[in-house]
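Asks: Following this message is one structure expressed as structure tokens.
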Amino acid sequence: MFNRDRWFEIFETIKSNKLRTFLAGFTVALGILIFIVLFGLGNGLENTFNEYFTDTKFNNIYVNGGRTSKPFAGYESNRLIELDNDDLQEISNKFDFFIEGITPRITISGEVGYKLKSNNYTIRGVGPSNQQNEMNVLMFGRYINEKDVINKEKNVVIGRLVKQDLFGDGEAVGKYINGGGRSWKVVGVYQDDGGDNEERIIYTAYTTMQKILKSTDKVGSIIISYKPSIGYDGALEFERKLKSFLKNKKKIDPSDPRGVRLRSAAKDMKENQDFSSALNYIIIFVGIGTLLAGVIGISNIMVFVIKERTKEFGIRKAVGATPSSIIWMVLQESIFITTISGYFGLFVGVVFLSSLGNTLKEDFYITDPYVDLNTALMATIMLIIFGAIAGYIPARRASKIKPIVALNDK
Amino acid sequence: MISIKGLHKSYQMGSNSLHVLKGIDFEVKEGELVAIMGSSGSGKSTLLNIIGMLDNHDKGSYKLDDVLIKNLNETKAANYRNKFLGFVFQSFNLINYKSAHENVILPLYYQGIGRKKREVKAMKYLDDVGLKNWATHMPNELSGGQKQRVAIARAMVSEPKVLLADEPTGALDSKTSKEVMDLIQKINKSGKTILVVTHEEDIAQMCKRVVRLKDGVIVEDKKINQKKAL
């Protein structure tokens, strides 16, 4: 393998047969290139896909009250069920095992201003866990914390766009904004990937909100994120238990489809994952198909090359070449060509993908196409191995041919 | 040098078997220049191929330089060919993408001789056949006579015990044929054993001994007065 003379002989052959070398190399390079690009675009499609479904956390369960549709335990039908602080407390105690984070949410909207600027915003009373539930990322200051909740502080955390509207480029944290005739201290600014509306919300402690709304203990809805480790089945189980717990607690007919509503992404998530992996299978299938086509291409070229060189092998054998030296010569040559051109195809493919970047995002939903190095190398190595096997079989046959047959052209 | 006794060879042609050599007894001593003659189908090329280990025989014995040549595997045959034999073919059989010099180097490459050494040696043999100035030329830039001389240099470079020439002048005009035969005579004069297969009477007359084959048997084997080629 590392015989310098043998390499020299191979370079000589390659140099003297440029078209043949080019054809073989081109097939390999093209095969790898197409594989890389396809795979990369597929990954890009998957990236876009994932992006769409990871705005708010996938493991959120939204719990809302509502009106009952059946009479139960002495209560009439059409009774309004509202969630309150006690429900919140009991849920978080009883279902601690399933829960990652839990927050109530009381939503109002109203005019909020700073100095001369003012706007209508959505204002929400929440708990500290809301930051995780909404996947808010802090830019400045801090989020609503336990102390705000306990002391019913008039502290607010504002979205990036609220800050931009009211403060421009200036500092917001520590300033006071006006809303509902009161002034609120801005303690933090957050950003959110979920779009502009998500960044036009003002958060405050839910207890503060309850106090302003005339000392109620009602919460509009409760958002619970379950632990991802419990999995899809665990999530469904949790949802079922939670629902029956609430129906029991609120004295709702167990068969009443209304009264309390649970909404979760668990089912959607499952479907999304299924779709995503289907997409993956398609990509893998197409990729392997491409590689296979490449391998077949190389095999064809090898068969052709060896046919063309039969006479040469006969001459070589007549002057003393052993069969194994001929097999090795063919193999080494083909491995050399596949390696170099495979690497070339790999390189061009990767450069092409990275040059694409996000230019296809708008029209084709392809985000950041890439191929991880392992996949790319695996593909190249596979092609080299199959190329070698493809070369070995005809090379072996050629090496066995009797020189007299190869030279018999009189 | 060559000792053949009771040699038989048949080819399988579909369901028929073609008996080509039907008991050949044949001795060649060192330094001989033997012409093997016969019409086409007489078995002369088959005999040469068996002697050249390019083909196997069915029955009988064949000794080359007191080594019994029998049931050789491919690798061993290749080594023996490389060590004992040089070949010259009617159609030259040069590798067309290698220069004259590289073609002559090839047997030395398979002998495992170092690159510098084999380049020098090949050049010396190319010089011996008068083609030193054509060393870098490709076969398609050479005339028929020149190609055959390159082929002879290639056959000689491995210093074989026997030179086998299968219709060496078959593809050449009479003037060039004489030049090539002159070269073969010179090589023979230096002591090399040479077998020449031909169907041309005047070429045979330039050898020292003529063996005539007909229908797979030797019908005549006699020493002759060698004619000078030039």
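The values are calculated or read from the model by the stated rules, or taken from the named source; none is laboratory data. Please read all numbers here as calculations on a predicted model, not as lab measurements. Virtual Cβ from ideal backbone geometry, glycine too; neighbours counted across all protein chains shown. The protein model used for the area step is the full one, side chains on, heavy atoms only, and it has no ligands, DNA or RNA in it. Shrake-Rupley method; radii C 1.70, N 1.55, O 1.52, S 1.80 Å.
Asks: Determine if region A:219-228 includes at least one residue that is touching a residue at least 24 places away in the same chain (Cβ under 8 Å), out of contact with any helix residue (DSSP H, G or I) (no Cβ under 7 Å at 6 or more places or on another chain) and open to solvent by 60 Å² or more (accessible area, probe 1.4 Å).
Replies: yes
Asks: When you check residue A:337 against the structure, is it under 22 Å from residue A:308 (Cα atoms) and either touching a residue at least 60 places away in the same chain (Cβ under 8 Å) or hydroxyl-bearing (Ser, Thr, Tyr) (or both), yes or no? Let's see the steps before the verdict.
Replies: Working: under 22 Å from residue A:308 (Cα atoms): yes; either touching a residue at least 60 places away in the same chain (Cβ under 8 Å) or hydroxyl-bearing (Ser, Thr, Tyr) (or both): yes.
Yes; evaluated as a whole, the condition is true for this residue.
Asks: Scan region B:108-119 and give yes if some residue there is within 14 Å of chain A (Cβ to nearest Cβ), closer than 23 Å to residue B:189 by Cα and open to solvent by 20 Å² or more (accessible area, probe 1.4 Å), otherwise no.
Replies: Taking region B:108-119 as the starting set, the residues that turn out to be within 14 Å of chain A (Cβ to nearest Cβ) are B:108-119.
Checking the rest, the ones that are also closer than 23 Å to residue B:189 by Cα come to none.
Checking region B:108-119: not a single residue is within 14 Å of chain A (Cβ to nearest Cβ), closer than 23 Å to residue B:189 by Cα and open to solvent by 20 Å² or more (accessible area, probe 1.4 Å).
Asks: Now, a different point. Take residue A:110 and decide whether it is crowded, with 17+ Cβ neighbours inside 10 Å and over 30 Å from residue A:243 (Cα atoms).
Replies: On the way: crowded, with 17+ Cβ neighbours inside 10 Å: no; over 30 Å from residue A:243 (Cα atoms): yes.
No, not satisfied.
Asks: If residue A:191 satisfies every condition in (1) open to solvent by less than 30 Å² (accessible area, probe 1.4 Å); (2) more than 26 Å from residue A:86 (Cα to Cα) but one, which is the exception?
Replies: So the condition that residue A:191 fails would be (1).
Asks: Before we move on, is residue A:259 buried (at least 22 other Cβ atoms within 10 Å of the Cβ) and at pLDDT 85 or above?
Replies: Numbers: buried (at least 22 other Cβ atoms within 10 Å of the Cβ): yes; at pLDDT 85 or above: yes.
Yes, satisfied.
Asks: Among the candidates B:70, B:63, B:76, which residue alone is without any contact (Cβ under 8 Å) to a residue 40 or more places away in the chain, more than 14 Å from chain A (Cβ to nearest Cβ) and open to solvent by 20 Å² or more (accessible area, probe 1.4 Å)? Can you show your working first?
Replies: On the way: B:63 fails: without any contact (Cβ under 8 Å) to a residue 40 or more places away in the chain; B:76 fails: more than 14 Å from chain A (Cβ to nearest Cβ).
Being without any contact (Cβ under 8 Å) to a residue 40 or more places away in the chain, more than 14 Å from chain A (Cβ to nearest Cβ) and open to solvent by 20 Å² or more (accessible area, probe 1.4 Å) holds for just one of B:70, B:63, B:76, which is B:70.
Asks: Among the residues of region A:270-295, write down those that are at pLDDT below 80 and either more than 18 Å from residue A:375 (Cβ to Cβ) or open to solvent by 80 Å² or more (accessible area, probe 1.4 Å) (or both).
Replies: The answer is A:270, A:271, A:272, A:273, A:274, A:275.
Asks: Scan region B:180-229 residue by residue and report those that are open to solvent by 20 Å² or more (accessible area, probe 1.4 Å) and among the small types (Gly, Ala, Ser).
Replies: Those that are open to solvent by 20 Å² or more (accessible area, probe 1.4 Å) and among the small types (Gly, Ala, Ser): B:190, B:191.
Asks: Pairs, please: C-beta under 8 Å, at least 6 apart or cross-chain, first residue in a helix (DSSP H, G or I) and in region A:304-324, second open to solvent by 20 Å² or more (accessible area, probe 1.4 Å) and acidic (Asp, Glu)?
Replies: From region A:304-324, the pairs are A:311/A:409; A:323/B:74.
Asks: Continuing with the same structure: Working only within region B:80-97, note down all residues that are surrounded by 16 or more Cβ atoms within 10 Å (Cβ to Cβ), more than 7 Å from every other protein chain (Cβ to nearest Cβ) and free of Cβ contacts under 8 Å to residues at least 60 places away in the same chain.
Replies: Passing the criteria: only B:80.
Asks: So how many residues does region A:169-195 have that are in a strand (DSSP E or B) and either among the β-branched types (Val, Ile, Thr) or under 32 Å from the mean Cα position of the chain (by Cα) (or both)?
Replies: Initial filter on region A:169-195 (in a strand (DSSP E or B)): A:176-179, A:182-191.
From what is left, the residues that are either among the β-branched types (Val, Ile, Thr) or under 32 Å from the mean Cα position of the chain (by Cα) (or both) are A:177, A:186-191.
Going through region A:169-195 one residue at a time, the tally reaches 7.
Asks: Could you list, ordered by first residue, the pairs with Cβ atoms under 6 Å in which the first is in region B:137-156 and over 21 Å from residue B:185 (Cα atoms) and within 14 Å of chain A (Cβ to nearest Cβ) and the second is assigned to a helix (DSSP H, G or I) and open to solvent by 20 Å² or more (accessible area, probe 1.4 Å), at least 6 apart or interchain?
Replies: B:139/B:147
Asks: Kindly establish whether residue A:34 is within 14 Å of another protein chain (Cβ to nearest Cβ), assigned to a helix (DSSP H, G or I) and either closer than 30 Å to residue A:338 by Cβ or open to solvent by 50 Å² or more (accessible area, probe 1.4 Å) (or both).
Replies: On the way: within 14 Å of another protein chain (Cβ to nearest Cβ): no; assigned to a helix (DSSP H, G or I): yes; either closer than 30 Å to residue A:338 by Cβ or open to solvent by 50 Å² or more (accessible area, probe 1.4 Å) (or both): yes.
It is false that residue A:34 is within 14 Å of another protein chain (Cβ to nearest Cβ), assigned to a helix (DSSP H, G or I) and either closer than 30 Å to residue A:338 by Cβ or open to solvent by 50 Å² or more (accessible area, probe 1.4 Å) (or both).
Asks: Here is a list of conditions, (1) more than 13 Å from every other protein chain (Cβ to nearest Cβ); (2) within 28 Å of residue B:146 (Cβ to Cβ); (3) free of Cβ contacts under 8 Å to residues at least 60 places away in the same chain, and residue B:104 meets all of them except one; can you say which number that is?
Replies: Of everything listed in (1) more than 13 Å from every other protein chain (Cβ to nearest Cβ); (2) within 28 Å of residue B:146 (Cβ to Cβ); (3) free of Cβ contacts under 8 Å to residues at least 60 places away in the same chain, residue B:104 misses just condition (1).
Asks: Let me ask something else. Quickly run through region A:365-376 and pick out the residues that are surrounded by 14 or more Cβ atoms within 10 Å (Cβ to Cβ) and of a type outside the set (Ser, Thr, Tyr).
Replies: So the first thing to find is which residues in region A:365-376 are surrounded by 14 or more Cβ atoms within 10 Å (Cβ to Cβ), and the list is A:365-371, A:375-376.
Within region A:365-376, A:366, A:368, A:369, A:371, A:376 meet the criteria.
Asks: Quick one: which residue in A:166, A:116 is out of contact with any helix residue (DSSP H, G or I) (no Cβ under 8 Å at 6 or more places or on another chain), crowded, with 21+ Cβ neighbours inside 10 Å, closer than 22 Å to residue A:185 by Cα and hydrophobic (A, V, I, L, M, F, W, C)?
Replies: Numbers: A:116 fails: crowded, with 21+ Cβ neighbours inside 10 Å.
The unique qualifying residue is A:166.
Asks: I'd like to know if region B:10-22 contains one or more residues that are open to solvent by 10 Å² or more (accessible area, probe 1.4 Å), within 12 Å of chain A (Cβ to nearest Cβ) and over 19 Å from the mean Cα position of the chain (by Cα).
Replies: Our first condition is that a residue be open to solvent by 10 Å² or more (accessible area, probe 1.4 Å); within region B:10-22, this holds for B:10-20, B:22.
So of that shortlist, the ones also within 12 Å of chain A (Cβ to nearest Cβ) come out as B:11.
Those left that are additionally over 19 Å from the mean Cα position of the chain (by Cα): B:11.
Yes - at least one qualifying residue is present in region B:10-22.
Asks: Give me a count of the residues in region A:1-26 that are assigned to a helix (DSSP H, G or I) and within 13 Å of residue A:333 (Cβ to Cβ).
Replies: Looking only at that region, the number is 15.
Asks: Do you know which residues across region A:378-410 are in contact with a Leu (Cβ under 8 Å, 6 or more places away or on another chain), modelled with pLDDT of 75 or more and at the interface with another protein chain (Cβ under 10 Å from one of its Cβ atoms)?
Replies: A:402, A:403
Asks: On the given criteria, is residue A:198 part of a helix (DSSP H, G or I) and open to solvent by 10 Å² or more (accessible area, probe 1.4 Å)? Spell out how you get there, then give the answer.
Replies: Details: part of a helix (DSSP H, G or I): yes; open to solvent by 10 Å² or more (accessible area, probe 1.4 Å): yes.
Yes.
Asks: Look through region A:310-364, keep the residues that are open to solvent by 10 Å² or more (accessible area, probe 1.4 Å) and at the interface with another protein chain (Cβ under 10 Å from one of its Cβ atoms), and return whichever of them is farthest from the chain's Cα centre (by Cα).
Replies: The extreme case among them is A:319.
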